[in-house]
Amino acid sequence: MPELNTFPASAGADEIAASVREQGYAVIHDMLDADGLARLRAELQPYLEATVPGDDAFLGFRTKRFGALMARSEQAREMAQHPLLLALMDELLLPHCARYQINVTDVAHLEPGETAQVMHRDASFYPFQNPAPLTLCATMWAVSEFTRENGATWLVPGSHLWEEGRVPTEDEVVQAVMPAGAMVLYTGTVFYGGGANLSDTMRTGCLLHYSLGWLRQEENQYMACPPELAATFPRRLQELMG
């Protein structure tokens, strides 16, 4: 199994971005402090309690998911504007567009007994054949600790450069084991998937995806966030939402 590609939040965006271009992903520690984590958990909890698990193998029969995080969580709105995250989007996406945008927001809450998700590429949402231009970057924030046992995200380093049709093998996969408050960033053409939760604890992740501004958003922010609420947001966040 390859070594995990990990950085501290104090690392420079250019250094991390260069590694992402090579490996297709990077794990960054200490993106959220204890106060930010506590606030995020409190804001997500009512929606977790109200959400039922999925009803198919891809979404997970023991996984709760919900989106519209810009409308539902003030902490998620701050995360979406994190200086290091936006500096990384400047490095990775801005060379291909005049501006980039929030593509989709989501929470993935894996309960004990959840099985591993099929490996896939998020950029398959767009009709490009691989290897494809960079169209989107995804981030998964660890709301709880991500361990091998509770379903930490699986990734295939370098798979963003593969020809269409190549399938990853088990020895090519790494698992994004990381503490709560860390974030894994990966390009849309990297093979990845949620792991199996073989533990007796929940695994909660918060996803914020960004795409080139000339592509249609997977989550329509005009529908996901009431205009009267969006009108109160900082101008930069309004621009990111489209």
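The values are calculated or read from the model by the stated rules, or taken from the named source; none is laboratory data. Bear in mind that the values here come from a model prediction, so they are computed numbers and not experimental data. Glycine also receives a Cβ, built like all others from the backbone with ideal geometry; neighbour counts cover every protein chain displayed. We work out accessible area using only protein heavy atoms, side chains counted, and drop any ligands, DNA or RNA first. Shrake-Rupley method; radii C 1.70, N 1.55, O 1.52, S 1.80 Å.
Taking only Cα atoms and a 10 Å spring cutoff, compute GNM fluctuations for the chain and point out the largest among LEU69, LEU161, LEU207. Top of the fluctuation ranking is LEU161.
Here the accessible area is traced with a 1.4 Å probe on the protein chains. For the chain, carbon and sulfur cover 55 percent of it. Packing, as the average of other Cβ atoms within 10 Å across residues, places the peptides 221-228, 131-138, 107-114 in the order 107-114, 131-138, 221-228, highest first. Anisotropy class assigned to the stretch 136-242 is oblate, per the alpha carbon gyration tensor with a/c at or over the 1.5 cut-off and a/b no larger than b/c. At the listed q of 0.12, 0.14, 0.18 Å⁻¹, the Debye profile of the chain, built from one uniform point per Cα, gives log10 I(q)/I(0) equal to -0.64, -0.90, -1.60. Quotient of the Cα radius of gyration of the stretch 73-159 and 2.2 N^0.38 Å, N being its number of residues: 1.25.
Write down the percent of antiparallel bridges among all DSSP beta bridges whose residues are both part of the chain, to the nearest 5. Among the beta bridges of the chain, antiparallel pairing accounts for roughly 90 percent.
In whole angstrom, how far apart do the alpha carbon centroids of the stretch 172-203 and the stretch 30-61 sit? After rounding, the separation between the Cα centres reads 15 Å. What the stretch 106-242 shows is 43 Å² of accessible area per residue, with the surface traced by a 1.4 Å probe over protein heavy atoms. When you count the other C-beta atoms within 10 angstrom of each residue and take the mean per peptide, 233-240, 177-184 line up highest first as 177-184, 233-240. For the chain, the relative contact order is 29 percent, taking Cα pairs closer than 8 Å that sit 6 or more residues apart in sequence and dividing their mean separation by the residue count.
The simple Förster model, with R0 at 30 Å and r as the Cβ-Cβ distance, assigns ARG41 and GLN129 a FRET efficiency of 0.15. Across q = 0.15, 0.20, 0.28 Å⁻¹, the stretch 148-196 modelled as identical point scatterers on its alpha-carbon atoms has Debye log10 I(q)/I(0) values of -0.41, -0.69, -1.16, in the order of the q list. For GLU149, the accessible area of its heavy atoms, probed at 1.4 Å with every protein chain present, is near 110 square angstrom.
HIS82 sits among other residues whose Cβ lies under 13 Å from its own Cβ, and their net charge, with Lys and Arg +1 and Asp and Glu -1, is -2.
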